[in-house]
1. Would any residue of the range 100-126 have its amide N under 17 Å from a label point 7 Å out along Cα→Cβ of Arg24? List them or say none.
2. Under the rule of -39500 (n - 2.57) per DSSP H run of 4 or more residues, summed and divided by the residues of the chain, what mean residue ellipticity at 222 nm is obtained, to the nearest 500 deg cm²/dmol?
3. Quick check: the distance between the Cα centres of the range 39-93 and the range 122-184, to the nearest angstrom?
4. Counting other Cβ atoms within 10 Å, keep those with at most 16, restrict to DSSP loop, and tell me which chymotrypsin sites (Phe, Trp or Tyr not before Pro) in the range 105-184 are left.
5. Using 0.36 nm per residue, how much length does the chain from Asp71 to Trp170 gain when fully extended, once their Cα-Cα distance is taken away?
6. PRE reach from Thr146 (point 7 Å along Cα→Cβ): which of the range 1-41 fall under 20 Å by backbone N?
7. Quick test of your reading: applying the under-4.7 Å Cβ rule, which cysteines of the chain are isolated?
8. By a straight-distance test (C-alpha under 25 Å), which lysines pair with Lys138 as possible cross-link partners, with residues fewer than eight away in the same chain excluded?
Amino acid sequence: MWKQALPGFAAESLFRIGEAPAFRGGVTQPLRNVYPPTDENQNVVFHVLGEDSPDGRHRLIFDCYQYVGDDAGEIETGGDVDSAPLLLDRSRGTSTQFDFCGPLCGFDWGAWISSKAFVLGGSAGDDAGGPWRQGSLKIYSLHDSTVVTYVTRFASSEETARYRSAWRSWLAPRYRAAMKHRPG
C-alpha cells in the first residue's frame, strides 16, 4: 500500500526503530467474552480485518475498534479514534489486546509470517497533529514475545491519501467476500 503512495518505496527503504518486549502489557480475558462477537459490526470486522494463523490456533484482528460497512455500494470505514489489535488464542481460550494507539495512529492490515510470527501495518501522524503521516510495520514474535518496529519516511497529505486509497482497494474485496459468505 505504501508502494502506491510513496514514489520509490521498497521494503529496503523502511527505517528500523528498534525491538521491544511484546504481549506483556496487554489486556487478556476469556475468549468467550469477545468471540464470537455478538455485535453485527464487530462480527464483520473480525472477518474482514482478521487472519487465522497457518496452524489455525490463533486469529489476529488488526483493529477491533474499526467500523466497516457499505453505503450505497461504497465501502465505509470509521469507528473509534483509537486503534487496538486482538490476538485470539483458541487453544488457551483467551483474547489479548496486545497493543494500542490513540487518535494519531492506526493498525490497518496484518498477515501471518508463520504460526509464531505476524506483521501489523498502519500509520501514525506527527505529534503536532500536522498533515504528515508515517507508515509503520511491526513484526511480532510469539516465540520470544518481541516486536520489531519499522517506519517509512514521513508522507505528505497527498501521499497519505494515496495510501488510504490503496488500503480501501485492499479492503473492498475482503468486505465483499465476507458479506457474500455471511449467514442469513
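1. Residues 100 qualify, since their backbone N sits under 17 Å from the label point.
2. Values: 3 runs with 37 residues, N = 184.
Calculated at 222 nm, the ellipticity per residue is -6500 deg cm²/dmol.
3. Centre-to-centre distance over Cα atoms comes out at 13 Å.
4. Working: sites: Phe107, Trp109, Trp112, Phe118, Trp132, Tyr140, Tyr150, Phe154, Tyr163, Trp167, Trp170, Tyr175; in loops: Trp132.
Passing both the DSSP loop test and the Cβ count: Trp132.
5. Numbers: separation 99, 0.36 × 99 = 35.64 nm, distance 1.73 nm.
Here the answer is 33.9 nm.
6. 12, 14-26
7. Cys64
8. Counting by Cα, and skipping residues close in sequence, Lys138 has these lysines nearby: Lys3, Lys116.
Each value in this text was obtained by applying a stated rule to the coordinates, not by laboratory testing. Just so we're clear, the structure is a prediction, and the values are computed from it rather than from any experiment. Note that each Cβ is placed from the backbone with ideal geometry, even for glycine, and that neighbours are counted across all protein chains shown.
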